[in-house]
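Report on the structure given below.
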Amino acid sequence: MATAPAAAAIVSSFVSPSSFSVKASKPDRIRPVSRVDVSVPCVSSPPVPCRCSATLCHVVVWFIELLFFELLTNDQTSLIFKLRAAIAATYYADLGIEETDIFVSDGAKCDISRLQVLFGSNVKIAVQDPSYPAYVDSSVIMGQTGLYQEDVQKYGHIEYMRCNPENGFFPDLSSVLRTDVIFFCSPNNPTDNGSIIVYDSAYAMYISDDSPKSIFEIPGAKERLSPNMLDSLVCVWVGLWSLRSSFFSDGHPVAKDFNRIVCTCFNGASNISQAGGLGCLSPEGLKAMSDLVGFYKENTKIIVDTFTSLGFNIYGAKNAPYVWVHFPGRNSWDVFAEILENAHVVTTPGTGFGPGGEGFVRVSVFGHRENIIEAARRLKQLYK
């Protein structure tokens, strides 16, 4: 996913510097403002890179100057076209994906739900176990599953692909029954059994080894799977939780149907989020996002070193901002409660991601450095 020079030109045509002035231009329609000066100080602490915050401030002033109804129709504004072009040039320049193949959304979770509307109720899905709960929950809501089976903690009519330390947390697809849809969080082993593959690459920016960041990077993938590949990637880290923008690419016949669902069920990502996305895709924004990822990787090392020093086996923590900690023979909810009550540190029980997560807790590395260091100190005190 090398950044193409074209992306910088697209972004530069919209994004102005960190300090700028905007003059009101429609005094007949809005209350006139002689001049609006906006200065955005650059700060080194996370979570919002200064380039992104500057662009967000810019678009707020931009709103003041435009008739609001001109921005209500998402696909009729130049902003959405600029963002799609920048995404295609930045992430898919050499992969045959065009800007018209890009859907701008408001987060991977929302994309997953809208995709499930596209698939309908008469399909069977396969999920990695453990995996992101939204895959299973959205299937339940759509009526794709059977009843919940308390004894095995699974829903009927879902193929759970067990992932554990023994198989490197990736299933043996040769032993998996054919399903209509397969949800993956890692694209390194596509299948040509006719299933639709949904690859959720929400944390692609964290990938630092030779793992593909897009399913379209896999040699021969397009030839083998071209009608059946969906690539979803959350690319904009603006405030991490408060302002999220995502994009979804396809480039195949299913896109037409998905476009109708999006236009029916979704009013479009907010213009301010789209503007933030353009800011992130500028050269300064890409560097800021990379620096932010680097900051959280430093947090990761603190958490990993803490649990390793205490004798725990940890998994993940390389290409994603989470640490998967093994507590053999323990109930994951009991471990969660133990850490919460005795160290006042919040983790996530592994079974929240499926029955395969039993015996694990997930630790997030998102947080200010001083909080991460304090959490590490408390964990060492608890398990010393």
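Structure data summary
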| item | result |
| --- | --- |
| Signed unit charges on C-beta, dipole axis of segment 87-149, positive-most listed residue 112, 97, 125 | 125 |
| Built amide H within the under 5 Å cut-off of residue 157, gap 5+ | 146 |
| Extension gain from residue 137 to residue 173, taking 0.36 nm per residue of separation minus the Cα-Cα distance | 10.7 nm |
| Distant-in-sequence amide H partners of residue 360 (H built 1.01 Å from N, under 5 Å) | 327, 332, 350, 351 |
| Separation between Cα centres of segment 87-133 and segment 293-339, rounded to whole Å | 28 |
| Loop-located trypsin sites (Lys or Arg not before Pro) in segment 279-319, at most 14 other Cβ atoms within 10 Å (DSSP) | 318 |
| Label-point separation in nm, residue 377 to residue 291, each point 7 Å along Cα→Cβ | 2.8 |
| Spin-label pair residue 364/residue 257, simplified geometry with 7 Å Cα→Cβ offset, distance in nm | 3.4 |
| Charge sum, other residues only, whose C-beta stays under 13 Å from residue 375's C-beta, Lys/Arg counted +1 and Asp/Glu -1 | +1 |
| Net length gained if the chain between residue 153 and residue 330 were fully extended (0.36 nm per residue, minus Cα distance) | 62.1 nm |
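None of the figures in this text is laboratory data; all of them are computed from the coordinates on show. Just so we're clear, the structure is a prediction, and the values are computed from it rather than from any experiment. Cβ coordinates were reconstructed from backbone atoms using ideal geometry, including for glycine residues, and neighbour counts include every protein chain displayed.
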